[in-house]
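*Asks:* To start, I am sharing the structure in question, which I have written as structure tokens.
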Amino acid sequence: VPQSYQKVWVAILGDEEVDVTSIDPSAVRLGPGEAAPRTYRYTNVNNDGFADLKLLFLIRETGIACGDSKVELTAKTVDGSLLHGRDVVKTRGCRHHG
């Protein structure tokens, strides 16, 4: 539900090439609304042995609209390198006209 006050967790997955502890969580932005995370934690989301960065966002701040099918995330590392990611989303609770 795009305009809800619900929250959504988003994970940036780490691996042998991506050290998520080098990402500045305060510089992560999600969606067209460029929502900032409310909180974050390091955990191993996919049980692959590498730390992942899990971030909590308020859905209404992301700018995701009914019918959107993709969402983009931007981030910066502590040394200033830019990161960009995209994933599929499915909106719910939208009224369809027609």
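*Asks:* Are any residues in region 61-80 within 16 Å of Val8 (Cβ to Cβ), in contact with a Lys or Arg (Cβ under 7 Å, 6 or more places away or on another chain) and among the polar types (S, T, N, Q), and if so, which ones?
*Replies:* The answer is none; no residue qualifies.
*Asks:* Can you go through Ile12, Ile59 and tell me which one is open to solvent by less than 70 Å² (accessible area, probe 1.4 Å), in contact (Cβ under 8 Å) with a residue 60 or more places away in the chain and aliphatic (A, V, I, L, M)?
*Replies:* Checking each option against the conditions leaves just Ile12.
*Asks:* Which count do you get for residues in region 20-50 that are farther than 16 Å from Thr62 by Cβ, assigned to a loop (DSSP other than H, G, I, E, B) and either β-branched (Val, Ile, Thr) or touching a residue at least 12 places away in the same chain (Cβ under 8 Å) (or both)?
*Replies:* So the answer is 5.
The values are calculated or read from the model by the stated rules, or taken from the named source; none is laboratory data. All values derive from a computational prediction rather than experimental measurement. Methodologically, a virtual Cβ is constructed for each residue, glycine included, from the backbone with ideal geometry; neighbour enumeration extends over all protein chains shown. Ligands, DNA and RNA are stripped out before the accessible areas are found, and what is left, the full protein with its side chains, is counted by its heavy atoms. Shrake-Rupley method; radii C 1.70, N 1.55, O 1.52, S 1.80 Å.
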